[in-house]
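Have a look at the structure below, then the notes.
The values are calculated or read from the model by the stated rules, or taken from the named source; none is laboratory data. Only a predicted model underlies this, so the values are computations on that prediction, with no experimental measurement involved. Cβ coordinates were reconstructed from backbone atoms using ideal geometry, including for glycine residues, and neighbour counts include every protein chain displayed. In case anyone asks, the SASA skips ligands and DNA or RNA and just uses the protein heavy atoms, side chains included. Shrake-Rupley method; radii C 1.70, N 1.55, O 1.52, S 1.80 Å.
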Amino acid sequence: MAAWSPAAAAPLLRGIRGPPLVHCAQRMFASQTEGELKVTRILKEKFPGAAAIKVTDISGGCGAMYEIQIESEEFKEKRTVQQHQMVNQALKEEIKGMHGLRIFTSVPKH
């Protein structure tokens, strides 16, 4: 496979104008977006005993859609729908400004 170069990418990028490229470039080089950091902070406050929390902006960096993976003992003996309701409740204000949310919850395995 050939290495990536701006010249090789030019035909793919024709017709794309403005901010989407800026968002893509920012997303490629940033470790976490502001939105990811904010959602992560809120989840850490609401689930202080969580073994793992991972928040990924899957909308290309604009904050419209997130994927959340959270592992917590608080989910023990709760059905998946109840676990997801807990996450939705924790993020109820932030969800108002989102287009979508993917939630994956689990209980730590010992």
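Sub-6 Å Cβ pairs linking a first residue in segment 37-59 that is open to solvent by 100 Å² or more (accessible area, probe 1.4 Å) to a second residue that is acidic (Asp, Glu) and in a loop (DSSP other than H, G, I, E, B), at least 6 apart or interchain, number zero.
Just checking, does segment 6-19 include any residue being open to solvent by 60 Å² or more (accessible area, probe 1.4 Å), in a loop (DSSP other than H, G, I, E, B), among the basic types (Lys, Arg) and at pLDDT 90 or above? Among the residues of segment 6-19, not one is open to solvent by 60 Å² or more (accessible area, probe 1.4 Å), in a loop (DSSP other than H, G, I, E, B), among the basic types (Lys, Arg) and at pLDDT 90 or above, which makes the answer no. The residue that is most open to solvent (accessible area, probe 1.4 Å), counting only those in segment 90-109 that are over 15 Å from the mean Cα position of the chain (by Cα) and free of Cβ contacts under 8 Å to residues at least 24 places away in the same chain, is Lys109.
Scanning segment 54-70 for residues that are in a strand (DSSP E or B) and over 16 Å from His84 (Cβ atoms) turns up Thr56, Asp57. Residues in segment 60-81 that are touching a helix residue (DSSP H, G or I) at 6+ places or on another chain (Cβ under 8 Å) and open to solvent by less than 60 Å² (accessible area, probe 1.4 Å): Gly60, Gly61, Gly63, Tyr66, Ile68, Ile70, Phe75.
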